[in-house]
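Trainee: Quick one: this structure, given as structure tokens, is what I'll be asking you about.
The values are calculated or read from the model by the stated rules, or taken from the named source; none is laboratory data. From a predicted model like this one, the values you see are computed outputs, not experimental measurements. Note that we place each Cβ from the backbone using ideal geometry, even for glycine, and neighbour counts take in every protein chain shown. All accessible areas refer to the heavy atoms of the entire protein, side chains included, with ligands and DNA or RNA removed. Shrake-Rupley method; radii C 1.70, N 1.55, O 1.52, S 1.80 Å.
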Amino acid sequence: MAQDVKRSPERAKRLPRPVREKQILDAAVQVFSRHGYHLASMDEISDVAGVSKPMIYSYLGAKEELFGHCVRRESQRLLRTVRDGVRTDVPPDMQLWHGLRSFYGFVAAYRESWIVLHRHALTAGGPFAEEITALRARAVALVRDLVVSAGTERGLASQAEFSGEGMAAALVGAAESLADWWLDHSDVADGVLASWLMNLTWLGFNDLVEGDVWRPTEQPE
């Protein structure tokens, strides 16, 4: 049995250009998330959006351009959501906590968007993968600032500066992997995910800046 799709109820109604573009992009994200870039068809996107293919080409271009528009819109939406969630009136650990809550809130609210960004844009390669790499770099920079801020508050600015970017990259990667796992375990609350990650990473960072670090008991040969 074919999978049900959400279809726009009308094709012919005249709409303002921004509204029509949003309608097309919403449909495209739905179809790309289900099939990936290479297997998604413009016919299905046209059907789901309730507009003709020539209209899609006129507004947003052919499939490659359309997918690029989807990746850019969802990347900007994700980064804006996380940035808006990072409160500046609380300590760095609580800033990160709120940022993680916002990130997982985005994944919950825009599941199809996350699938397009995390799974399909990377595998599509080229400029799409470059867009995701740039998004990840901005996320790493955001987390790095929190790590350095926390270390500086404790008088350990140099240690935080040295390890901050690497730790931020590790945390962002862990957050992405956990979000991917969550797609198949949606019964876990977003706050629980954020708590898991804070306990896994932030407590370890606290030990590191305090000088309490793990070392191997045997030296490699």
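Trainee: Just the residues that are crowded, with 17+ Cβ neighbours inside 10 Å and among the small types (Gly, Ala, Ser), please, taken from the range 171-197.
Mentor: Within the range 171-197, Ala175, Ala179, Ala194 meet the criteria.
Trainee: Is it the case that some residue within the range 143-157 is modelled with pLDDT under 90 and in contact with a Lys or Arg (Cβ under 9 Å, 6 or more places away or on another chain)?
Mentor: No, the range 143-157 contains no residue that is modelled with pLDDT under 90 and in contact with a Lys or Arg (Cβ under 9 Å, 6 or more places away or on another chain).
Trainee: Counting only residues that are part of a helix (DSSP H, G or I) and hydroxyl-bearing (Ser, Thr, Tyr), which one in the range 86-127 is farthest from Ser149 (Cα to Cα)?
Mentor: My answer is Thr123.
Trainee: OK, next. Of all residues in the range 141-165 being of a type in the set (Val, Ile, Thr) and open to solvent by less than 20 Å² (accessible area, probe 1.4 Å), which is farthest from Ala175 (Cα to Cα)?
Mentor: The residue in question is Val148.
Trainee: When you scan the range 1-67 for helices (runs of 4 or more DSSP H) that lie fully inside it, which ones turn up with 1 or more residues that are over 23 Å from Glu130 (Cβ atoms) and modelled with pLDDT under 95?
Mentor: 17-39
Trainee: Report every pair of residues separated by at least 6 positions or lying on different chains whose Cβ atoms are under 8 Å apart, first residue within the range 186-212 and on the phi < 0 side of the Ramachandran plot, second among the small types (Gly, Ala, Ser) and at pLDDT below 85.
Mentor: As it stands, the answer is Phe205/Ala150; Leu208/Ser163; Val209/Ala150; Val209/Gly151; Val209/Ala160, since those pairs meet every condition given.
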